[in-house]
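Heads up: the structure comes next, in structure tokens.
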Amino acid sequence: MKDIQFSRRSDLGSRIDVSFEFFPPKNDVMEARLWETIARLEPLAPNFVSVTYGAGGSTKERTTRALARLSKESALAPAAHLTCVDASRDEVDAVIREFAELGVRRFVALRGDPAEGVGAAYRPHPDGYQTTAELVAALRRIGEFDVSVSAYPEKHPESADFATDIDVLKRKVDAGATRAITQFFFDNDVYERYVERVRRAGIYIPIVPGILPIHNFAQVAGFAGRCGAHVPAWLADRFAGLENDPQTHALIASAVAAEQVLDLIERGVDDFHFYTMNRADLVFAICHLIGIRPRAEEASIAA
Ligand code: FAD
């Protein structure tokens, strides 16, 4: 069924690209949910779908399995996240070649966080790629890959200031990255100001907003705190008191994500990366709203 080509959509949807991010499942229940999610989202014909990579290669086996299945059983273009953490250059290069053999042509190149967790001091492996820019250069040397990198509208927590942060992005672009995907954010003004800064620094690659639909506000708020993303008071207020009311929480979450995405479209954005959290419902609804519709209802992945 690999040759199914899905196409879309309404007038608005035909102008918009999307990509979806998944994490490799930890157990059979999560695995079943992931493939149900993929089956539901596949007919939306995303530009690519990416699979994350755990600190120090801790998810390598699971990431590999997910990429292999995507490659073999779906019409989707798989993208592999890859980090520099706790691995020598030879080890990283071997992973790149292994993924390439599975049919992976797209990578999201990252420095990664220390295995001890976000907040611990990052130390590059003595024989490893010292920076993400070096990893990007290695990917470009090894194959004809499409390489995306991260970008931080609120700057990375380790960056002293925006100038340093954007300099890191510039080095990644100079090394061959052709797209940046942002950390999630909830204030579109922050994204717009960031893109202006990036353009002023002479960086012209797409800065694709990373959209995180809020399945669980308390979890998202905790995670945002760790990765330097600001949760505005108005957003916290919208979810206040809904801890034990999942139905209303879900309705509010879809309204919040819809508002954010529609506003970004009004500001000229035409490419979105969704952090799906391996769940289809909110992402599917937002895509429907912006005109991205399945043409063939049947996905080639059997859930
Ligand atoms: P970089 O962009 O290379 O650098 C981040 C910051 O580190 C810089 O802004 C700067 O503050 C500092 N820095 C780096 N190099 C230098 C230097 N030479 N001099 C001074 N300061 C420097 N993590 C995972 O483990 N697995 C994943 O699959 C994953 N996927 C992600 C996908 C996206 C879209 C995003 C936005 C993040 C993802 N992360 C992932 C998280 C990411 O690994 C962390 O945010 C990590 O802390 C930084 O990695 P990076 O590639 O963004 O770093």
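The values are calculated or read from the model by the stated rules, or taken from the named source; none is laboratory data. Keep in mind that what you see is a predicted model, and the values were worked out from it rather than measured. Glycine gets a Cβ as well: all are built from the backbone with ideal geometry, and neighbour counts include every protein chain shown.
A few notes on this one:
- Check on R200, basic (K, R) and either in contact (Cβ under 8 Å) with a residue 60 or more places away in the chain or within 28 Å of S14 (Cβ to Cβ) (or both): no
- Residue list for the range 119-134, filter: more than 19 Å from the chain's Cα centre (by Cα) and either surrounded by 14 or more Cβ atoms within 10 Å (Cβ to Cβ) or near the ligand (Cβ under 10 Å from one of its atoms) (or both): G119, Y122, P124, H125, G128, Y129, Q130, T131, E134
- Of all the listed residues (R106, R111, R97, R89), the sole one being under 23 Å from N47 (Cβ atoms) and among the charged types (D, E, K, R) is R106.
- Taken over the range 154-189, the criterion of being of a type in the set (K, R), at negative phi and within 8 Å of the ligand (Cβ to nearest atom) is satisfied by R171, K172.
- For the range 135-153, taking the residues that are closer than 20 Å to G202 by Cα and within 11 Å of the ligand (Cβ to nearest atom), the one that is surrounded by the fewest Cβ atoms within 10 Å (Cβ to Cβ) is identified as S150.
- Selection status of L67, of a type outside the set (S, T, N, Q), over 12 Å from R279 (Cα atoms), in contact with a helix residue (DSSP H, G or I) (Cβ under 7 Å, 6 or more places away or on another chain) and within 16 Å of the ligand (Cβ to nearest atom): yes
- Exclusive hit being in a helix (DSSP H, G or I) and at pLDDT below 95, set E61, E36: E61
- Only one of E101, E61, E116 that is within 20 Å of P25 (Cα to Cα), surrounded by fewer than 18 Cβ atoms within 10 Å (Cβ to Cβ) and without any contact (Cβ under 8 Å) to a residue 12 or more places away in the chain: E61
- Segments classed as helices (runs of 4 or more DSSP H), wholly inside the range 91-208, with at least 2 members that are farther than 24 Å from L264 by Cβ, acidic (D, E) and at pLDDT 95 or above: 162-174
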